[in-house]
Amino acid sequence: MGRPPSRAMYREHRRKLAQMIDAALEVGQRGDGRAWTAPWSNLGFAKAHGACDESGVRSWRNIENPVRPSSIIPLLNVFYGDRPEHAEARDAMRVAWRLAGGLDVEDAPPEPRTIIATQFSEVAEVVYLLVNQPEQPAIPDNSGRLILPFTLRFQLDKNRKVKIVRGGKVHEVRIDIGVTEPLFAVTSAHWQPVAESVFRSGEHPRMKPGPIRDSVQLIGEQDPDTKVIINAPFDADPKMVLERRLDTVGDGIITLSVLSPCEGFYVKPSDGGVHTTPTQKAVLAALLASAIPHDDSGRLILERVQVSPSAKREVNQ
């Protein structure tokens, strides 16, 4: 490593990166081969990025007070993809990102193989989450609570085709994949699980308290060979009972999420070939994780469903 940049130089590097991001957004730069028809809106780019919100994009392009993205790979994938004609611009933004973080350019390793950015459900079918709603979704019962029926199942997805980028070209590999440390969480500004539920004080043999509010860590049932969570961890015909939070008005959105830490996977090439050592499995799992949207704590979003008690539809994200 060389000498760290001065504070003024550090700030200037961040401004240069913000200028590059802003310019790419303004021209509608995209690496999927489609024509640039209009500038990216902050919201539109956030959706394409998959792991940030509108305010995050706004902060990245703020030249006067820029915020450096925690990872540049998702931006590079949206702006430039793996198209040869964008290789020079892609590398320039990658270098600018390293400089903005006080990293030496010569320390940058070769760009690794990465799985093309996508929603997790498009990569593997290891989790199924459905909110089964009556005609009036989540009808309040006589006590003012909400009864929210749902279905949650897990499986080991075998022989799954995954596209990866290697040497600037797209390759297809087959993997067996499952999740070993899933987290099931419910979030809402207006509603919370009742006190006696497993999300707060209740007990259940296949789950334990989660690391965030109103969540549970699923620990069973497991596949005996892979330790992957399988089948339905909740009892048959599960229903979530919610009560209103104190000092809230209105219904508000209820979000059910299945999350996983990046290391919470079993991943193995389906052919059982040479890429089966623990180190290589960990690398393949990390490459998979880099392509999937994350929450603010870096957990992968495997599935997310939002429901509004006052609406007659559910929204899958």
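Every read-out reported here was derived from the displayed coordinates using simple, explicitly stated rules and does not represent laboratory data. Note that this is a predicted model, so its numbers are computed, not measured. Every residue, glycine among them, receives a Cβ derived from its backbone with ideal geometry; neighbour counts consider all protein chains shown.
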- Task: Take the range 181-193 and flag every residue that is within 11 Å of ASP214 (Cβ to Cβ) and part of a loop (DSSP other than H, G, I, E, B).
- Result: SER188
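Do we find that PHE79 is more than 21 Å from ARG299 (Cα to Cα), surrounded by 13 or more Cβ atoms within 10 Å (Cβ to Cβ) and among the aromatic types (Phe, Trp, Tyr) in this structure?
Yes; evaluated as a whole, the condition is true for this residue.
Of everything in the range 51-68 that's in a loop (DSSP other than H, G, I, E, B) and more than 15 Å from the chain's Cα centre (by Cα), which residue is farthest from ILE301 (Cα to Cα)?
Quick first cut of the range 51-68, residues in a loop (DSSP other than H, G, I, E, B) only: 51-53, 61-68.
Checking the rest, the ones that are also more than 15 Å from the chain's Cα centre (by Cα) come to 61-68.
Working: ARG61: 25, ASN62: 27, ILE63: 30, GLU64: 32, ASN65: 29, PRO66: 27, VAL67: 23, ARG68: 22 Å.
The residue in question is GLU64.
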- Query: Being exposed (fewer than 13 other Cβ atoms within 10 Å of the Cβ), without any contact (Cβ under 8 Å) to a residue 60 or more places away in the chain, within 26 Å of ASP295 (Cα to Cα) and not hydroxyl-bearing (Ser, Thr, Tyr), is that true of even one residue in the range 145-160?
  - Reply: no
- Checking GLU12 against (1) among the acidic types (Asp, Glu); (2) touching a residue at least 12 places away in the same chain (Cβ under 8 Å); (3) in a helix (DSSP H, G or I), the condition it does not meet: (2)
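Which residues, counting only those in the range 161-180, are buried (at least 16 other Cβ atoms within 10 Å of the Cβ) and in a strand (DSSP E or B)? Reasoning before the result, please.
First, pick out the residues of the range 161-180 that are buried (at least 16 other Cβ atoms within 10 Å of the Cβ): 162, 164-165, 173, 175-180.
Residues satisfying the conditions are VAL162, ILE164, VAL165, VAL173, ILE175, ASP176, ILE177, GLY178, VAL179.
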- Message: Tell me whether the range 209-222 contains one or more residues that are under 23 Å from ASP295 (Cα atoms), among the charged types (D, E, K, R) and in a loop (DSSP other than H, G, I, E, B).
- Response: yes
- Message: Looking at the range 191-212 only, could you name the residues that are under 27 Å from the mean Cα position of the chain (by Cα) and without any contact (Cβ under 8 Å) to a residue 12 or more places away in the chain?
- Response: LYS208, PRO209
